[in-house]
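Scroll down for the structure; my scribbles are underneath it.
The values are calculated or read from the model by the stated rules, or taken from the named source; none is laboratory data. This structure is a prediction, so every number in the text was calculated from the model and none was measured. So basically every Cβ, Gly included, is an ideal-geometry build from the backbone, and we count neighbours across all protein chains shown.
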Amino acid sequence: MPAFPKPTFDYSYNVQSEIKALRHWRDTKPGRAIPRKAADRLLLVTWNLANLGVQQRRDDDYRLIAEMLSWFDIAALQEVNENLAGLRNLMKFMPTRFSALFSDSAGNNERMVYLYDRKKVKLLELVGEIAVPPSAHQDIKLPGITQPFTGFDRNPYLAAFKAGSFTVLLVNVHLYFGKESEAASIERRCLETYAVARWADLNVKSKHAYATDIIALGDFNLPKADPADPVYRALTRRGLQLPPHSTEVGSAIASDSHYDQVAFFPSQTKQEFTGQCGVFDFDGAVFKTLWETRTPAQFRAYVRYYLSDHRPLWAEFRI
């Protein structure tokens, strides 16, 4: 989990002014309107927080991240390092009603994390990881891919929650990336993606299903949410669907790729989903004078180091 290069230039900002700018962007920018919290709604967000615990974020950086996360009832986070200092610092600035739940570290020394509002959400008894037994590896196969599935680099992290009458099993993923231009990397990414989709399909159909509302979310490293994309096809092959977003932007800041997604089975979760879902491009709101005085590359380097190179993706559900 190598850190991004630390910016070589200094830039000071007023955190309260930046929080005000974030809220204004959220409330007024077309397509960015994140609903306010409501007693009969659940706001869910997923966010890859670029090397949290490795990069040297400052208190004000944590305050900005915590401000955005506090708008939601449950947050699924990726790229949290085994060194929990970053998560501990973030929690200092979250509202005290929030608790954290995290996995052990795996590939790239990464953990996956849930933050949840205890006043709104109850953590249920099911917490674990998706682990495909070796005897089932042969069943993880896709047309045109000859390499075998050998397991996840980072096992997806699942937890069951209840809010109101809505019991949901969340599956937090950060799937394999490898090299963008290497066919073997894309194939492995597709196999990991299909393994998640297959697991979700088998579980939702099982007579012993703990919950039939299953939402897989996180960083799928999905280049483009398009049927022509092989990772997209692998994710949707067993019936999972990706809701349309209110925004045109992707979740990856540098490339606008659609890496981060929220996926569920419409047959199970359609009545709970309100139709509200979108990417929040915080980078359009923060550090205005930095954008005006530096190059776009320098701006992005600063944002990805102190905040993240991914944007949060959110969705709303009835409870």
Is it the case that Phe273 is farther than 24 Å from Tyr305 by Cα, touching a Lys or Arg at 6+ places or on another chain (Cβ under 9 Å) and surrounded by 18 or more Cβ atoms within 10 Å (Cβ to Cβ)? yes
Under 17 Å from the mean Cα position of the chain (by Cα) and among the aromatic types (Phe, Trp, Tyr): does that describe Tyr176? yes
Check Val132 against each of (1) assigned to a loop (DSSP other than H, G, I, E, B); (2) surrounded by 14 or more Cβ atoms within 10 Å (Cβ to Cβ); (3) modelled with pLDDT of 95 or more and name the one condition it does not meet. (3)
Every residue from region 172-213 that is within 21 Å of Lys122 (Cβ to Cβ) and either surrounded by 23 or more Cβ atoms within 10 Å (Cβ to Cβ) or aromatic (Phe, Trp, Tyr) (or both): Asn172, Tyr210
Name the residues in region 286-301 that are crowded, with 20+ Cβ neighbours inside 10 Å and on the phi < 0 side of the Ramachandran plot, would you? Val286, Phe299, Ala301
Please find, among Asn89, Asn81, the residue that is under 17 Å from the mean Cα position of the chain (by Cα), among the polar types (S, T, N, Q) and under 23 Å from Leu313 (Cα atoms). Asn81
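So, Val204, is that one in a helix (DSSP H, G or I), touching a Ser or Thr at 6+ places or on another chain (Cβ under 9 Å) and of a type in the set (A, V, I, L, M, F, W, C) or not? Let's see the steps before the verdict.
Details: in a helix (DSSP H, G or I): yes; touching a Ser or Thr at 6+ places or on another chain (Cβ under 9 Å): yes; of a type in the set (A, V, I, L, M, F, W, C): yes.
Judged against the criteria, Val204 is a match.
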Residue selected from region 300-313 under the condition of a type in the set (Ser, Thr, Tyr) and in a helix (DSSP H, G or I), by the criterion farthest from Ala254 (Cα to Cα): Tyr306
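Can you tell me which residues in region 149-167 are touching a helix residue (DSSP H, G or I) at 6+ places or on another chain (Cβ under 8 Å) and touching a residue at least 24 places away in the same chain (Cβ under 8 Å)? Give the derivation first.
In the first step, residues of region 149-167 are kept if they are touching a helix residue (DSSP H, G or I) at 6+ places or on another chain (Cβ under 8 Å); the result is 149-154, 156.
Once the filter is applied, which keeps residues that are touching a helix residue (DSSP H, G or I) at 6+ places or on another chain (Cβ under 8 Å) and touching a residue at least 24 places away in the same chain (Cβ under 8 Å), region 149-167 yields Phe149, Phe152, Asp153, Arg154, Pro156.
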